[in-house]
Structures are given as C-alpha cells and as structure tokens.
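> Dumping the structure here so I can ask a few things about it.
The values are calculated or read from the model by the stated rules, or taken from the named source; none is laboratory data. These numbers come from a predicted model, not from an experiment. As a convention, Cβ positions derive from the backbone with ideal geometry for all residues, glycine included, and neighbour counts pool all protein chains shown. Calculation scope for accessible area: heavy atoms of the full protein, side chains included, ligands and nucleic acids excluded. Shrake-Rupley method; radii C 1.70, N 1.55, O 1.52, S 1.80 Å.
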Amino acid sequence: MADNIQKTLEIRVNYSEALNGIAKYRMELDRAKAEAKAMTDKLKEYDKELKAKAITETEYSKKVLEVQKALAANKQEQQQYADAIRTSEKVIKNQITQQNEAEDSLKAMRAQLSNLTKEYDELGKTAREGAEGIEKLNAINDLTDKLKEAEEATEAPVEEAPAEPEPTKEE
C-alpha cells in the first residue's frame, strides 16, 4: 500500500515537472518564432532599402548574410524546443500509461522500458560505463526479458533493448 502511494506521488511529481517543462519550452518556442518573424521582416526592409537605393549591393549582401545566419541558428533553436516538447509529452504519456495500467501489464512494462531507455540514452559516456549506466542497462535488459517472455506467449513483436556498449579499440 505504501509502495503504491509512493509510486503515485512520484508519478505526480514527475508529471508536474514535465508539464512545467513543456510550458517553459512552449514559451521559448513562441519567443524564438517571434524573433524569426522579426528577422524575416528585417530582410523585407533591406529589400526595400536596396530597391530605393538607400544601401549599396555590398551593404545589402552583408546585412542579408548576417540575418540569414541568425535565422539558421534560430531554426535550430526552434527545433530543439520542439524536440524537448515532444520528448516531455512522450514521458507524460508513458507515465499515465504506467499509472493507469495494471502494474505488470505489457502496456505498462513497454512504457517503463521506453522511459528507462530514454534515461539511459541521456547518460554521458562516463555515466553509461559507471554504476548508474550499468544499473539502468541491467534494468532495461531485465524488463526486456520479462517482456519477451510475456510477448512470446501471445506471439506479439518483441522490442529489443539497446545493445550493451562495446569497449572501443584503441588503434
């Protein structure tokens, strides 16, 4: 009983953190989009100045190049925020699935496997090769084995755990 309450509280805290993160990322994404629009408007202004011969071709080219570089960086920033939003939404969906499904249901185990894999993927090389990485990898492999056993009974497709990292060979 205490374990269920702790899991529920943990899910709610993570859910709340993820929602706050999504809200933050959406605000940053909106800000980045507004900046991109301002830069696009600036390009149109430069076009008008060039047509009115208020600036030279060289000045125009310099200004346009600067804005285009800024737009490219802005586009990458927007993509990062969109990816973060998508990832957070997936985590929330997985947590809701885990919470709503029976503890050892295949659906709940898949959601848990997805979250564990995400956590493992986010670890740096040192952490992956350290105790934390080994612990997560063992949890992933154990859960994958449980899923394989259960899915073999229903002949459902089996999701594979990430391969264990191979030691790099120094040449």
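> Taking all protein chains as present, what is the carbon and sulfur share of the accessible area of region 68-136, in % to the nearest whole number, probe 1.4 Å?
Numbers: 2080 of 4350 Å².
With neighbouring chains kept in place, the figure for region 68-136 is 48 percent.
> On to the next question. Please sort by residue number the GluC sites (Glu not before Pro) in region 36-143 whose DSSP state is loop and whose Cβ has at most 13 other Cβ atoms within 10 Å. Please report the intermediate quantities before stating the final value.
Details: sites: Glu45, Glu49, Glu57, Glu59, Glu66, Glu77, Glu89, Glu101, Glu103, Glu119, Glu122, Glu129, Glu132, Glu135; in loops: Glu101, Glu103, Glu122.
Loop-located and lightly packed - Glu103, Glu122.
> Applying the Karplus parametrisation 6.51 cos²θ - 1.76 cosθ + 1.60 with θ = phi - 60° to the phi angles of region 35-47, what ³J(HN,Hα) value in whole Hz is obtained for each residue in order, glycine and proline being reported as x?
Along region 35-47, the couplings run 4, 5, 5, 4, 5, 5, 4, 5, 4, 5, 5, 5, 4 Hz.
> Scaled to the compact-protein estimate 2.2 N^0.38 Å, what is the alpha-carbon radius of gyration of region 83-151, rounded to two decimal places? Please report the intermediate quantities before stating the final value.
Working: Rg = 12.8 Å, N = 69, 2.2 N^0.38 = 11.0 Å.
For region 83-151, the normalised Cα radius of gyration is 1.16.
> Which whole-Hz ³J(HN,Hα) couplings does region 115-120 yield from phi under the Karplus relation 6.51 cos²θ - 1.76 cosθ + 1.60, θ = phi - 60°, glycine and proline marked x?
Once θ is set to phi - 60°, the couplings for region 115-120 become 5, 4, 5, 4, 4, 5 Hz.
> Still on this structure, please answer the following. Using 0.36 nm times the number of residues separating Glu45 and Lys125, minus their current alpha carbon distance, what extension gain do you get?
Numbers: separation 80, 0.36 × 80 = 28.80 nm, distance 4.76 nm.
Stretched out fully, the Glu45 to Lys125 stretch lengthens by 24.0 nm.
> Suppose R0 equals 45 Å. What FRET efficiency, 1/(1 + (r/R0)^6) with r the Cβ-Cβ distance, do Thr154 and Ala73 give to the nearest 0.05?
Details: r = 49 Å, r/R0 = 1.08.
With R0 = 45 Å, the Cβ-Cβ based efficiency is 0.40.
> For region 22-84, what mean projected area does the convex hull of the alpha carbons give, in nm²? Show your work: numbers first, answer last.
On the way: hull surface 15.7 nm².
If I average the Cα hull's projected area over directions, I get 3.9 nm².
> Determine the gain in length on full extension of the stretch Ser105-Thr58; use 0.36 nm per residue of separation and subtract their C-alpha separation, reporting nm with one decimal. Numbers along the way, then the final one.
On the way: separation 47, 0.36 × 47 = 16.92 nm, distance 6.61 nm.
Length gained between Ser105 and Thr58: 10.3 nm.
> Continuing with this model, one more query. For region 23-157, just the Cα atoms, rotate onto the principal axes and tell me the three extents in Å, largest first.
That works out to 76, 34, 28 Å along the principal axes.
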